[in-house]
Amino acid sequence: MKYYAVLDTNVVVSAMLKWQSVPGEILISTFNGVIVPVLNDEILAEYRTVLSRPKFGLTSEIVESVLAGITENAVFLDAETLDVELPDPKDRVFYEVVMEKRKDEDAYLVTGNIRHFPTKPFIVTPREMMDIILEQTKETE
């Protein structure tokens with residue numbers, strides 16, 4: 001089964017800083033095709049900008065390799081602007097993209113900052129996303 005998900009930048013960064021973590025499992029599931037990333041050019045640019053910050057110590061080769069892995073199976077789409085108030089206006093694009101994808105498929109927004117978004121069952125933490133995947137894997141066995 002495939003799961004469509006918008007990955008908040010904090011999940012990607014956390015995965016890159018510690019592969020042996022739940023965000024790391026999310027990114028590995030993305031590379032393995034279990035999670036189909038949903039994004040647009042603005043989200044991809046934010047990933048690149050944030051991952052390239054010197055404080056993270058990631059080489060440009062590592063950043064580009066990870067971005068290539070994310071985009072390999074990604075669904076790119078443009079989302080309409082929504083009238084929603086969020087604590088951080090930069091998070092708006094993530095919410096808009098997940099809402100656009102949800103028009104035709106179930107999709108999740110995976111974030112480590114759950115309080116930055118409206119309380120919705122499809123806005124989940126990395127742990128909740130992994131639990132959803134594991135639960136549905138058990139049901140199909």
Suppose we keep only residues that are at pLDDT below 95 and of a type in the set (D, E, K, R) within the stretch 121-141. Which one would you say is most open to solvent (accessible area, probe 1.4 Å)?
E141
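When the residues of the stretch 58-74 are narrowed to those that are under 17 Å from the mean Cα position of the chain (by Cα) and surrounded by fewer than 16 Cβ atoms within 10 Å (Cβ to Cβ), which ends up modelled with the lowest pLDDT? Even if it seems obvious, please write down each step before you answer.
Taking the stretch 58-74 and keeping what is under 17 Å from the mean Cα position of the chain (by Cα), we get 63-74.
Subset that is surrounded by fewer than 16 Cβ atoms within 10 Å (Cβ to Cβ): 64-65, 68, 71-73.
Working: E64: 97, S65: 96, A68: 97, T71: 96, E72: 94, N73: 91.
Applying the filter and picking the extreme gives N73.
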If you check D83 against the conditions, is it open to solvent by 100 Å² or more (accessible area, probe 1.4 Å), of a type outside the set (A, V, I, L, M) and closer than 17 Å to V36 by Cβ?
no
Filtering the stretch 14-53 down to residues that are of a type outside the set (F, W, Y), open to solvent by 10 Å² or more (accessible area, probe 1.4 Å), in contact with a helix residue (DSSP H, G or I) (Cβ under 7 Å, 6 or more places away or on another chain) and within 21 Å of M1 (Cβ to Cβ) yields V22, P23, E25, S29, V34
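Considering Y95, Y4, which residue is farther than 29 Å from K138 by Cβ, out of contact with any Cys (no Cβ under 9 Å at 6 or more places or on another chain) and hydroxyl-bearing (S, T, Y)?
Working: Y4 fails: farther than 29 Å from K138 by Cβ.
Testing whether each residue is farther than 29 Å from K138 by Cβ, out of contact with any Cys (no Cβ under 9 Å at 6 or more places or on another chain) and hydroxyl-bearing (S, T, Y) leaves just Y95.
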The condition of being more than 21 Å from S29 (Cβ to Cβ) and hydroxyl-bearing (S, T, Y) holds, among T111, T125, T137, T119, only for T119
Which number in (1) over 19 Å from N40 (Cβ atoms); (2) at pLDDT 95 or above; (3) of a type in the set (K, R) marks the one condition that R102 misses?
(1)
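Considering E96, E105, which residue is within 13 Å of V6 (Cα to Cα), open to solvent by less than 70 Å² (accessible area, probe 1.4 Å) and acidic (D, E)? Explain how you work it out, then say what you get.
Working: E105 fails: open to solvent by less than 70 Å² (accessible area, probe 1.4 Å).
The unique qualifying residue is E96.
The values are calculated or read from the model by the stated rules, or taken from the named source; none is laboratory data. Note that the coordinates shown come from a computational prediction; the quantities given were computed from them, not determined experimentally. As a convention, Cβ positions derive from the backbone with ideal geometry for all residues, glycine included, and neighbour counts pool all protein chains shown. Just the protein is used for accessible areas: all its heavy atoms, side chains included, with ligands, DNA and RNA removed. Shrake-Rupley method; radii C 1.70, N 1.55, O 1.52, S 1.80 Å.
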